[in-house]
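The values are calculated or read from the model by the stated rules, or taken from the named source; none is laboratory data. Not measured: the values here are computed from a predicted model. Here the Cβ positions follow ideal geometry from the backbone for every residue, glycine too, while neighbour counts run over all protein chains shown. Just so you know, the surface numbers come from the protein's heavy atoms only, side chains and all, with ligands and any DNA or RNA stripped out. Shrake-Rupley method; radii C 1.70, N 1.55, O 1.52, S 1.80 Å.
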Amino acid sequence: MFSNPKKLIAQLAMACAFVTLSALAQGQLAEPPDNSLNERLDGQFNGQLALQHIAHQISFGPRTADYAGKQKTLNYIQQLLEPEADQLVVQPFSAHGLSGNNLWASFYAADSKQKNHPRIMLAAHWDTRPIAERDAVAAKRSEPVVGANDGASGVAVLLEMARLLSSQRAPVTVDLVFFDLEDMGNIDSLPFSIGAAEFVRKNPFYRPTAGVVVDMVCDLDLTIPQERFSRDSAADLQDQIWRIAQSQGATVFKNHKGTYIEDDHLPFLRAGLKVVNLIHWPFPRSWHTSGDTIDRCSADSLQQVGRVISEFIYLQREPL
Ligand SMILES: [Zn+2]
């Protein structure tokens, strides 16, 4: 329907009467950054727009090696963010005999020249799993997953957040980081989170004040308990996010502990950084099957997650 992704983000935003990226081009960002809360809410995270980003990603096909969808998705993310981000870097890497690309887009805070100003990383993996090994039908287990939830949903949250960051400068610097090769784990003895580990290795001086990894956040029955590795290493940050969720009535966030999940936050925790993982647990039945499709996704689930994160970014009341 839309050929140009930049146009897409603007058209969708306009359709919903939000501040558009074209407004940005017309200089409306010259507004003072200390707008009232009401004005800020006009630019709220929108779940329907996030859902559209899922639809686009899956329309490209599998985001895994040997499929054209991988390059198309990288182009899609890059084309959307290039005109809007203050800095955009694609970092190619080779690891475990594989090649990948991490993408890093920064939106600077108004007072980013101030020393030690807070910096928040919001991250997701953009690759998808090359096999649906948990499918009930044996013949489908060697096929790649569609990855509407496992892959596309996290990216969708980041891209919708980019729209907000473009229209309203945040009080903190925000880095949107897209990891490649998260989902090769246990295939030919490969680990999970290859891209995230490479990102940490290649950027030793990158020390964000806080980080949030989103993964599998669109399911109709989304439940996000408090992931245990995050709990052990970043309890204050996790509590802060859960307090926001509670105050917003974001019911997808559950007030109990989940389990230990190996995901893209681990390389950061190991490097001593505070990063919380927001992930569906117990994993939905569609996980690593041919059933990970967009009909299992909900705009409301995406919106709940997105609005909690955007309050965390925009209305930072507690020290990080
Ligand atoms: Zn996965």
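Just a few scattered comments:
- Fraction of accessible area attributable to carbon and sulfur, the stretch 183-318 (%, probe 1.4 Å): 48
- Sorting I77, I58 on solvent-accessible area from highest to lowest, probe radius 1.4 Å, gives I58, I77.
- When D127, D86, D66 are compared by accessible area at a 1.4 angstrom probe, the order from most to least is D66, D86, D127.
- Of the residues W126, H56, G291, the one whose Cα sits farthest toward the positive end of the charge dipole of the chain, with +1 on the Cβ of Lys and Arg and -1 on the Cβ of Asp and Glu, is W126.
- Accessible area per residue (1.4 Å probe, heavy atoms of protein chains only) ranks Y260, Y314 as Y260, Y314, with the largest value leading.
- For the chain, adding -39500 (n - 2.57) for each run of n ≥ 4 DSSP H residues and dividing by the number of residues yields -11000 deg cm²/dmol at 222 nm.
- For the stretch 61-214, the spread of Cα coordinates along the three principal axes comes to 56, 29, 23 Å, biggest extent given first.
- For the chain, fraction of C-alpha pairs farther apart than 28 Å, in %: 34
- Accessible surface, per residue, of the chain when the full set of protein chains is kept, probe 1.4 Å, Å²: 43
- The chain: angle of helix 228-248 to the longest principal axis, Cα-based, in degrees nearest 10: 50
- Helix 154-167 axis, angle to the chain major axis (alpha carbon atoms, nearest 10°): 10
- For the cross-link pairs K70/K202; K254/K274; K72/K202; K113/K257; K72/K274, the ones whose C-alpha atoms lie over 29 Å apart are K113/K257; K72/K274.
- Rounded to 10°, Cα long-axis angle of helix 299-314 versus longest principal axis of the chain: 50
- About its Cα centre, the stretch 45-193 has a charge dipole of approximately 260 debye under the convention of +1 per Lys or Arg Cβ and -1 per Asp or Glu Cβ, with nothing else charged.
- Considered as an equivalent ellipsoid built on the Cα gyration tensor, the stretch 158-276 has semi-axes of 23, 19, 15 Å, the largest given first.
- The T259 and E82 beta-carbon pair, evaluated with R₀ = 35 Å, returns a calculated FRET efficiency of approximately 0.40.
- Note on the stretch 91-108 and the stretch 192-237: Cα centroid distance 16 Å, given to the nearest whole angstrom.
- Residue-level accessible surface for S286, protein heavy atoms, 1.4 Å, Å²: 10
- Once exposed loop trypsin sites (Lys or Arg not before Pro) are cut out (DSSP; at most 15 other Cβ, 10 Å), longest piece of the chain: 142-284
- When both the stretch 48-78 and the stretch 248-300 are represented by their alpha-carbon centers, they are found 20 Å apart.
- Here the label points at Q114 and R201, each 7 Å from Cα along the C-beta direction, are separated by 3.7 nm in the simple model.
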